[in-house]
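Taking it in order: structure first as structure tokens, then the write-up.
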Amino acid sequence: MAEPYIEQVEYLDVLTKTGKKTGVSKPRGDVHRDGDYHKAVHVWIFAESTQELLLQKRADCKDSWPGLWDISSAGHISAGDSSLITAQRELQEELGVILPKDAFELIFVFLEECVTNNGKFINNEYSDVYLVTTLEPIPREAFTLQDTEVSDVKYISFGEYRSHLAEADPKYVPYDVNKQYGLLFDIITKRYRENNEARSLVLQKQLRRYAPVSLTAELTGLGDADKEALILLVRAAMIMDEIFYLQVWHSNPVLREWLKEHANVSQLDNLKWMYYVINKSPWSCLDENEAFLTTADSAVKLLPEATKPITGWKGVQYRAAFPMLKPSGANFYPPDMDKMEFKLWTTGLSLDKQKDATSFFTVIKRHSQVNWDNHIFDSTHLSEGSTHDLYSIPYSQEYHPFLTRVSDLLHKAGDLVSSPSLKRLLHSKADAFLSNDYYDSDIAWMELDSKLDVTIGPYETYEDSLFGYKATFEAFIGVRDEKATAQLKLFSDNLQVLEQNLPMDDTYKSKDIIAAPIRVVQLLFNAGDVKGPQTIAFNLPNDERIVKDRGTAMVILKNVSEAKFKQILNPIADACIAKEQHELVDFESFFTHTICHECCHGIGPHTITLPDGRKSTVRLELQDLHSALEEAKADIVGLWALNFLIKKHLLPTSLEKSMYVSFLAGCFRSVRFGLEEAHGKGQALQFNWLLEKEAFVFHPNETFSVNFDKVEEAVESLSRTILTIQAKGDKEGASLLLQKYCTMTKPLKVALQKLESIHVPVDIAPIFPVAKSLLE
């Protein structure tokens, strides 16, 4: 006897009025009866060549808007499902179109609040609105329509469709184009009707903010075998670029290849490519990650099997999409994952699995997305043993094709080099890339004592602005400046003394700070996460286990520092510093504070004990706020530390005033990076605090000076505030501090407008002639 048919009831997640999940799900009918807020997706297919949108005609049996023309495809997000998978599935089920995730561009979230069917159907719906851009319209006969949902499809000019909606044409499902849904038409209009000449001028202006600078290093101290190894190391570093492009966004690598291939088509195309090379993505680092490209600029991909085959038609050609808003989770997490979903998932994991999820060296993925990509069109199908859609995957597996190449190059270079410590570093790092265990290789990096200086691997977490957990790949290759390195022993020898005298409660101080090795290097090549503004120094590793056990090591890039001082800080001082203090801006003070900044990353709270007795780390507790606050700490505590060392007669008194004035000039340099970037955000916090405490003075002639009577106390008070927030793992306190002080105040705006008007570069764009000649 056949089993009776039982209709599946669709459950929806109930949201708050602000769109947050409540943890409750209800049957779809009950949600619309009770007017509960819930989520859906809207998918629009747009044909570039004809400037038309695809519409579907809703089936006559639909419970809302039967028989009317509507969105290309739409549907509710069922309880537990993700937005992107729902968008892909609805397109397949309703129209028979199967597209990968890189075809879908999230353009905005739309809230619809309406009542129909005489009050029986209440729709309070948050919809993720996606745009799929194809080159040509998809032929009508290529569609496979779901007759219970769709009765017909047609293409219509987006301008004509907007007019129908504006006139409330009864044949079309209504959307108010004078309110939020007008964004769809505004985006398309701006994207395809922008003046190329005007756009070229904007890109030229953006490019002028970077001063091209050749960075060289003398190779006279290297033997022939070391020079041969250096070629292999530069090639390995270039693979860090390949990984980093992918870490930023999943369609970023194909965008890069497309822009490079078309760079010589026109002046505009060349400018797009030049500015992309600096930013390594379509988002401008110096404009708070505002997109300078759109999906209309992106690569064209052909998908012959996206629909049923049609004779004489080669298939769907679509643009590889990216969102206008830079994704906070980059490509480390599913693009439609939010913090709440991550928290609910990790709460149910074992301690070891939780550590994997928050590890520097894992990517978070969806089983459902992987299944879809493998043409398993069942979102309920999870891998064996899985109970949640999310899972973590180690870098060694995710980036395996790249890392095997890097590992091979490093082993070959390790066999060639003469330095035993460099040999150990290269072989251990080659092994780490394949094992995903970086502990031993990071120790080897800290103990490096070689003329040839190499930093390569996953380190910084700035790109992960969702949590600050995931590390990006980078590489710095240089030649050690032995004389300058020897002069810096003072700082590493006094770290424990600085720790014990930090302006914070003694209970938070560590008694086992380890002297940090400092290496001064002349940079000859960098790659990977070195986009936009260039770093002048770094303090690594970030792994709290190593910081606790062994401390950190610092690398100062002297030729980068010299270039920035000459090209940027000197002109800033000329424009913004009061005449009587102008001579106090000097390279020695700028460079010494840079060193002290990096030293101060190694002191202060790292591994902490929370008020409830739990052990944790500052990074884990402050999450996305950690990077900005840590940069501010290193800066301001660095000033405090210089003053402390001067008073102990360990540094010359000539720095006593110049360090503060040079720091003031440096504030304007860093804030120009933008308040979306950790260094810029941290610098704004410090500048506004010191201005409020009258340590910095803004004069009527729009110049600035340091009040030497108040600056020492103001520096110490901010140092104490930040260190205490970190020691307590106080995310709320960090948030309040950044909200209050991380703003573009009037004095900052005045200074930045002045610097822009006289065309002072914001940063440098390095050129590496030595590396280029080696590869040739």
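The values are calculated or read from the model by the stated rules, or taken from the named source; none is laboratory data. Keep in mind that this is a model prediction, so the values were computed, not measured. No Cβ is skipped: glycine too gets one built from the backbone with ideal geometry, and neighbour counts run over all protein chains shown. Side chains are part of the model used for accessible areas, which takes the heavy atoms of the whole protein and leaves out ligands, DNA and RNA. Shrake-Rupley method; radii C 1.70, N 1.55, O 1.52, S 1.80 Å.
Taking H as built 1.01 Å from N, whose amide H comes closer than 5 Å to the amide H of Leu651, not counting residues under 5 places away?
Ile646
Sort segment 70-196 into rounded, prolate or oblate with this rule: let a ≥ b ≥ c be the square roots of the eigenvalues of the Cα gyration tensor; rounded if a/c is under 1.5, and if a/c is not under 1.5, prolate when a/b is larger than b/c, oblate otherwise.
In terms of gyration-tensor shape, rounded.
Output ³J(HN,Hα) for segment 509-524: one whole-Hz value per residue in order, computed from phi by the Karplus curve 6.51 cos²θ - 1.76 cosθ + 1.60 with θ = phi - 60°, and x for Gly and Pro.
Whole-Hz 3J(HN,Hα) from phi for segment 509-524: 8, 8, 9, 10, 5, 9, 3, 8, x, 10, 10, 9, 10, 9, 6, 10.
Would you please give the residues with an amide H less than 5 Å from that of Glu474, counting only those at least 5 places away or on a separate chain, with H modeled from the backbone geometry?
Gly457, Tyr459, Asp529
Under 12 Å from the Cα of Lys728, which aspartates and glutamates turn up, not counting those fewer than eight places away in the same chain?
Partners within reach: Asp505, Asp612, Glu621.
May I ask you to derive the relative contact order of segment 262-347, considering only C-alpha pairs under 8 Å and at least 6 residues apart, and to give it as an integer percent?
Once divided by the residue count of segment 262-347, the mean separation gives 19 percent.
Taking +1 at the Cβ of each Lys and Arg and -1 at the Cβ of each Asp and Glu, which of Ser757, His582, Phe704 sits farthest along the dipole of the chain towards its positive end, judged by Cα position relative to the Cα centre?
His582
If I compute solvent accessible area with a 1.4 Å probe over the protein chains, what percent of it on segment 565-641 is carbon and sulfur? Write down the numbers at each step before the final one.
Working: 1280 of 2620 Å².
Of the solvent-accessible surface of segment 565-641, carbon and sulfur hold 49 percent.
Would you mind telling me the share, in percent, of accessible area of segment 688-754 contributed by carbon and sulfur at probe 1.4 angstrom?
Reported share for carbon and sulfur atoms: 50 percent.
Roughly how compact is segment 567-764, stated as its Cα Rg over 2.2 N^0.38 Å to two decimals? List each step's numbers first, then the result.
Values: Rg = 16.6 Å, N = 198, 2.2 N^0.38 = 16.4 Å.
In units of the 2.2 N^0.38 Å rule of thumb, it is 1.01.
For each pair in Lys272/Lys564; Lys693/Lys754; Lys205/Lys579; Lys39/Lys120, compute the distance between the two Cα atoms and list the pairs where it is over 21 Å.
Lys272/Lys564; Lys693/Lys754; Lys205/Lys579
Principal axis extents for segment 198-335, Cα atoms only, whole Å, descending order, please.
The Cα atoms of segment 198-335 stretch 66, 37, 34 Å along their principal axes.
What's the carbon and sulfur percent of segment 184-309's accessible surface, probe 1.4 angstrom, rounded to a whole number?
Reported share for carbon and sulfur atoms: 50 percent.
Which entries in the list Lys101/Lys365; Lys412/Lys531; Lys365/Lys412; Lys531/Lys558; Lys26/Lys326; Lys489/Lys615 go over 24 Å, if you measure between the two C-alpha atoms of each?
Flagged as over cut-off: Lys412/Lys531; Lys365/Lys412; Lys26/Lys326; Lys489/Lys615.
So what's the back-of-envelope 222 nm ellipticity for the chain, counting only DSSP H runs of four-plus at -39500 (n - 2.57) apiece and dividing by all residues, rounded to 500?
On the way: 30 runs with 328 residues, N = 776.
The helix contribution divided over the chain gives -13000 deg cm²/dmol.
Output the relative contact order of the chain, whole-number percent, from Cα pairs under 8 angstrom with separation of 6+ residues.
Numbers: 1442 pairs, mean separation 89.8, N = 776.
Computed over the chain, the figure is 12 percent.
Per residue, what accessible area does the chain have, given a 1.4 Å probe and all protein chains present, in Å²?
42
Students often check this: by mean Cβ neighbours within 10 Å, which of 84-91, 648-655 ranks highest, and how do the rest follow?
Result, highest mean first: 84-91, 648-655.
Rank by packing, highest mean first: peptides 369-375, 124-130, with packing defined as the count of other Cβ atoms within 10 Å averaged across residues.
For the peptides 369-375, 124-130, the packing ranking is 124-130, 369-375.
Could you list which residues have their amide H under 5 Å from that of Ile764, counting only those 5 or more apart in sequence or on another chain, with H placed in the peptide plane?
Ala211, Gln534
Using each residue's phi in segment 156-163, evaluate 6.51 cos²θ - 1.76 cosθ + 1.60 at θ = phi - 60° and report the 3J(HN,Hα) Karplus result to the nearest Hz, with x for Gly and Pro.
For segment 156-163, the Karplus curve yields 8, 3, 5, x, 5, 4, 4, 4 Hz.
Shape of the chain from its Cα gyration tensor (a ≥ b ≥ c, root eigenvalues): rounded if a/c is under 1.5, otherwise prolate when a/b > b/c, or oblate?
Note, shape of the chain comes out prolate.
What's the ranking of 223-229, 552-558 by average number of surrounding C-beta atoms within 10 Å, highest first? Numbers along the way, then the final one.
Values: 223-229: 15.7, 552-558: 23.9.
By packing density, highest mean first, the sequence is 552-558, 223-229.
Among Asn270, Ser328, Gln247, whose Cα sits farthest toward the positive end of the charge dipole of segment 221-338 (+1 at Cβ of Lys/Arg, -1 at Cβ of Asp/Glu, about the Cα centre)?
Asn270
Rounded to the nearest 20 debye, what is the charge dipole size of the chain about its Cα centre when +1 sits on each Lys and Arg Cβ and -1 on each Asp and Glu Cβ? Don't skip to the end; give the middle numbers.
Numbers: 83 positive and 110 negative charges, 266 e Å.
Value, rounded to 20: 1280 debye.
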